Amino acid sequence: MSDPLRPNGPKIIAVANQKGGVGKTTTTINLGAALSERGLKVLVVDLDPQGNSSTGLGIEPDDREHTTYELLLDDVPLEEIILDTLTPGLKLVPATIDLSSADIELHANEKRSFLLHDALRQVGMDRYGFDYVLIDCPPSLNLLTVNAMVAAHSVLVPLQSEFFALEGLSQLMLTVREVRQSANPDLRIEGVLLTMHDSRNNLSRQVEDDARDNLGDLVFATVIPRNVRVSEAPSYAQSVLSYDTQSKGAAAYRALADELLRKNTKAAA
Ligand code: ADP
Ligand code: MG
């Protein structure tokens, strides 16, 4: 690998929270776009049977010939699975609803927790020269999410700035601890990201204060504001960075990418 900071290939980040609607998919797409805007090569792995990140990146169900399901459970070569998106530098392993049966099939497989780990380290992967792999997890702590955590170097946890936001976090952390003990001792928390934040709203500010009090440095300094452009972008098959490049949402995801890159440069130094 040409980058001495990541001699063993791409940095793999699982974007996970078992709650739905907290901004996992939005963060995967827009952080991915922001990193690729910085000239990095990014692979998004859609690990949610709902396939929202595939749709949001402009890949219609009919165009998803080969999917994450096959990446995990069949021997389809990578080059037949990985698709280009409209965002330069950003590629995708798409998902379809087929993936909803994978959880059961995974249980029957001897290597059940390691399938994504192995798939992302298979021969031929280095040919793409990815800098980052972002895994968009389903809203569950099922075997798919465990596969993501076993495959990943770190977990990025979006937290919606709403009441009960911190609830459920302890369970997520417990799963991270279990994965560390059983399969991936080096798994780290990349950071907790406050999403859909409204600084004029008392509750939003309270959630931020609670998160920073309880989790300290684990919380990204960057906060993603609630911004209608962010929610509109996927229906135009775009990231918010290209849909409305001047929007607050685009600026926030650029700031997140820069913070992530700073953290990772420091960590490797
Ligand atoms: P998850 O993948 O965790 O289920 P999504 O990323 O799909 O969550 O986000 C849930 C909903 O919230 C989507 O409709 C999305 O467009 C919207 N959303 C996410 N982030 C923002 C934001 N910063 N501002 C406005 N709407 C947002
Ligand atoms: Mg999602």
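The values are calculated or read from the model by the stated rules, or taken from the named source; none is laboratory data. Since we're looking at a predicted model, the values are computed, not measured. Cβ atoms come from the backbone with ideal geometry, glycine included; neighbour counts cover every protein chain shown.
Out of all the residues in the stretch 7-29, is one or more more than 19 Å from the chain's Cα centre (by Cα) and of a type outside the set (Ser, Thr, Tyr)? Taking every residue of the stretch 7-29 in turn, at least one turns out to be more than 19 Å from the chain's Cα centre (by Cα) and of a type outside the set (Ser, Thr, Tyr). Would you confirm whether or not the stretch 4-24 contains a residue that is at pLDDT 95 or above, in a helix (DSSP H, G or I) and either within 15 Å of ligand 1 (Cβ to nearest atom) or among the acidic types (Asp, Glu) (or both)? Looking through the stretch 4-24, at least one residue is at pLDDT 95 or above, in a helix (DSSP H, G or I) and either within 15 Å of ligand 1 (Cβ to nearest atom) or among the acidic types (Asp, Glu) (or both).
Of all residues in the stretch 226-246, none are free of Cβ contacts under 8 Å to residues at least 60 places away in the same chain, closer than 21 Å to Asn264 by Cα and either under 21 Å from the mean Cα position of the chain (by Cα) or more than 13 Å from ligand 1 (Cβ to nearest atom) (or both).
As a summary of the residue check, Ala221 satisfies the conditions (1) in a loop (DSSP other than H, G, I, E, B); (2) surrounded by 15 or more Cβ atoms within 10 Å (Cβ to Cβ); (3) touching a helix residue (DSSP H, G or I) at 6+ places or on another chain (Cβ under 7 Å) except for the one numbered (2).
For the stretch 177-218, what are the residues that are in contact with a strand residue (DSSP E or B) (Cβ under 6 Å, 6 or more places away or on another chain) and without any contact (Cβ under 8 Å) to a residue 60 or more places away in the chain? Within the stretch 177-218, Arg188, Ile189, Val192, Leu194, His197, Ser204, Glu208, Ala211, Arg212, Leu215, Leu218 qualify.
The set of residues from the stretch 37-58 being of a type outside the set (Asp, Glu), surrounded by fewer than 24 Cβ atoms within 10 Å (Cβ to Cβ) and assigned to a helix (DSSP H, G or I) comprises Asn52, Thr55.
Only residues that are under 15 Å from Leu141 (Cβ atoms), assigned to a loop (DSSP other than H, G, I, E, B) and of a type in the set (A, V, I, L, M, F, W, C): list them for the stretch 166-194, please. Within the stretch 166-194, Ala183, Leu187 qualify. Looking only at residues in the stretch 86-127 that are among the aliphatic types (A, V, I, L, M) and in a loop (DSSP other than H, G, I, E, B), the one that is modelled with the lowest pLDDT is Val123.
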